[in-house]
Amino acid sequence: MSKLPNVVIVVGFCAGSLGAAGFAEPREDYSLTLFVIGMALLVIGGLWGRRVRRSPSAGARGWSLASFLGAVEAIRDKVVELDDGRAQLAPDEIHQRIDDLLRDEYFDLTSRNDELIALVGFNAYAKAWDDVASAERLLARCWSMITDDFVEEGTSELPLARRHLDHAVAAFAGLART
């Protein structure tokens, strides 16, 4: 059922585009009609999709705020472990752990950002997500620098990522309390 609103949006876009293409001189018959139908289908599909995403049954399939908080805490814990052990770990080990973290836990979390928006709204999402995204970029930088044999410079990104994840945990905990 959740794919049907997307189909309506695509059909609306196609009809609207086809109608708009017929506005050139000489104007095609039914171009205005196709354009209006396309725009109406876009609006209907958008509202329908929004309603489906906000319905209680859609939320039941997704994560709760506690799930998001738990995922961010799990990522933070792994980064804390990396940061605390960076002097003792081999560069290849750090590289592999970051690779695993970005591929597994971070991917699982970031692929559900639409669910978080539906749960808390866009403004709250943007505030909480800012530090998650910053930490992800810092981890990717660390990974890249280690790949290029700049190990010391790369591992210096870990405390910064850790700090951003600490802020993200606090932001998600605040969302869970509200």
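Residues that are within 17 Å of A74 (Cα to Cα), within 14 Å of the chain's Cα centre (by Cα) and surrounded by 15 or more Cβ atoms within 10 Å (Cβ to Cβ): does segment 141-164 have at least one?
Looking for residues that are within 17 Å of A74 (Cα to Cα), within 14 Å of the chain's Cα centre (by Cα) and surrounded by 15 or more Cβ atoms within 10 Å (Cβ to Cβ), one finds none in segment 141-164, hence no.
Might you let me know whether segment 47-62 holds any residue that is over 28 Å from T155 (Cβ atoms), modelled with pLDDT under 90, touching a Gly at 6+ places or on another chain (Cβ under 9 Å) and not acidic (D, E)?
Within segment 47-62, one or more residues are over 28 Å from T155 (Cβ atoms), modelled with pLDDT under 90, touching a Gly at 6+ places or on another chain (Cβ under 9 Å) and not acidic (D, E).
The values are calculated or read from the model by the stated rules, or taken from the named source; none is laboratory data. Because the structure is a prediction, the values reported are computed rather than measured. Heads up, the Cβs are rebuilt from the backbone with ideal geometry, glycines too, and the neighbour counts pull from every protein chain shown.
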